[in-house]
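What follows is one structure encoded as structure tokens, with my remarks underneath.
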Amino acid sequence: MPAAALPLVAVVGPTGSGKSELALQLAERFGGEAINADSMQFYRGMDIGTAKLPMAERRGIAHHLMDFLNVREDTTVAAFQTMARDAIADIRSRGKLPIVVGGSGLYVRAAVDVLEFPGTDAAVRARLEAELDAGGLAALAARLLLVDPVSAARIGDGKRVVRALEVFELTGRPFSSFMPAREYVSPTVQIGLNGDRAELHQRLAARVHTMVEGGLQEEVERLIPQGLREGRTAQKALGYQQFLRVIDGASTVARASEETITATRQFARRQITWFRADPRVQWLDWSAPTLTASAAAMVARVHDGEAR
């Protein structure tokens with residue numbers, strides 16, 4: 001198949017559902033390479049708390065767009081889109097199958113869909129961030145509700161509310177107007193992993209406990225001199241914000257662990273809601289013995305040009 005015609009695969013779903021392992025299996029079967037779409041795995045040194053696949057467990061398969069930011073830095077979805085499209089083109093140019101894997105929904109859409117991103121203005125962004133720091137999220141969320149009720153209903157974290165208001169100030173258009181009908185850039189299959197909710201909760205709790213036993217607090221301590229507290233995004237990552245409070249003496253390991261489990265479950269629920277809203281995602285049960293075979297059949301159909 002010509003390089004330009006090679007399809008794109010995206011493995012999506014909630015955290016803890018086994019996306020990384022399925023992506024590896026598909027990469028081995030079809031000669032693929034992975035493109036990370038987990039926004040917290042962009043950060044160097046944030047390994048344990050993000051469940052980043054260690055190099056030794058990647059089975060020799062290249063993983064793109066990991067570890068390119070330090071914890072003081074931020075990126076944008078638009079910048080990620082450019083990097084992801086470059087990675088996809090590079091992988092295809094070598095006759096390999098590009099496989100996007102991750103649970104950050106907007107980043108996945110940026111990689112696979114025709115999607116326009118409005119520009120940014122550092123001064124406007126800084127002013128809105130200062131208002132967020134000074135007055136809290138509620139005031140900005142109320143302002144967003146007046147100018148863009150669709151976005152206000154969809155988003156609830158400070159960073160994205162600031163972005164939506166910034167876009168409205170710069171363009172006069174609601175941020176939601178930049179999320180058009182779903183249209184793939186090229187032939188694509190999105191494979192979603194889901195399963196029993198109680199089992200997912202057990203998985204997430206066990207994973208958090210494994211992270212804590214594996215040195216999550218020590219990882220947070222190592223990142224503080226690198227600027228973790230100053231990074232607007234990195235410091236708020238699941239587990240990291242909870243264990244910063246442990247280091248500050250404001251919490252205990254046991255309490256931070258339980259808070260991380262609760263926050264991770266809430267995050268997984270939001271991920272499921274996001275991906276469930278996309279009718280193009282083809283869902284598989286992570287516990288099914290035929291999981292890999294079913295996913296491979298989906299990819300094979302795209303190879304044959306049957307899916308769009």
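The values are calculated or read from the model by the stated rules, or taken from the named source; none is laboratory data. If you're wondering where the values come from, they're calculated on a predicted model, not measured in any experiment. For neighbour counting, all protein chains shown are included, and Cβ atoms are generated from backbone atoms with ideal geometry for every residue, glycine included.
List of remarks:
- The one condition in (1) of a type outside the set (Phe, Trp, Tyr); (2) modelled with pLDDT of 95 or more; (3) in a helix (DSSP H, G or I); (4) under 17 Å from Ala37 (Cα atoms) that Ala78 fails to fulfil: (2)
- Members of the stretch 40-70 found to be in contact with a helix residue (DSSP H, G or I) (Cβ under 9 Å, 6 or more places away or on another chain), closer than 21 Å to Gly231 by Cα and either in the same structural domain as Val220 (by TED's automatic domain parsing) or assigned to a helix (DSSP H, G or I) (or both), listed by number: Met40, Phe42
- Candidates Ala256, Ala250 - the one that is outside any helix (DSSP H, G or I) and more than 21 Å from Gln25 (Cβ to Cβ): Ala250
- Test result for Glu230, exposed (fewer than 13 other Cβ atoms within 10 Å of the Cβ), touching a Lys or Arg at 6+ places or on another chain (Cβ under 7 Å) and of a type outside the set (Phe, Trp, Tyr): yes
- Criterion applied to Ala138, Ala130, Ala164 was being surrounded by 13 or more Cβ atoms within 10 Å (Cβ to Cβ) and among the small types (Gly, Ala, Ser), and the one residue passing it is Ala164.
- One residue from Arg232, Arg222, Arg265 being closer than 30 Å to Asp133 by Cα, modelled with pLDDT under 95 and in the same structural domain as Leu204 (by TED's automatic domain parsing): Arg232
- Test: residue in the stretch 269-284 that is closer than 30 Å to Gly32 by Cα, in contact with a Leu (Cβ under 8 Å, 6 or more places away or on another chain), modelled with pLDDT of 95 or more and surrounded by fewer than 18 Cβ atoms within 10 Å (Cβ to Cβ): yes
- Any hit, the stretch 166-173, residues being farther than 30 Å from Arg280 by Cα, free of Cβ contacts under 8 Å to residues at least 12 places away in the same chain and not assigned by TED's automatic domain parsing to the domain that holds Gly105: yes
- Failed criterion for Ala123 (all others in (1) part of a helix (DSSP H, G or I); (2) in contact (Cβ under 8 Å) with a residue 12 or more places away in the chain hold): (2)
- Tally of residues being surrounded by fewer than 20 Cβ atoms within 10 Å (Cβ to Cβ) and either touching a strand residue (DSSP E or B) at 6+ places or on another chain (Cβ under 9 Å) or assigned to a loop (DSSP other than H, G, I, E, B) (or both) across the stretch 1-19: 3
- Given (1) under 30 Å from Phe178 (Cβ atoms); (2) assigned to a helix (DSSP H, G or I), number of the condition Glu73 does not satisfy: (2)
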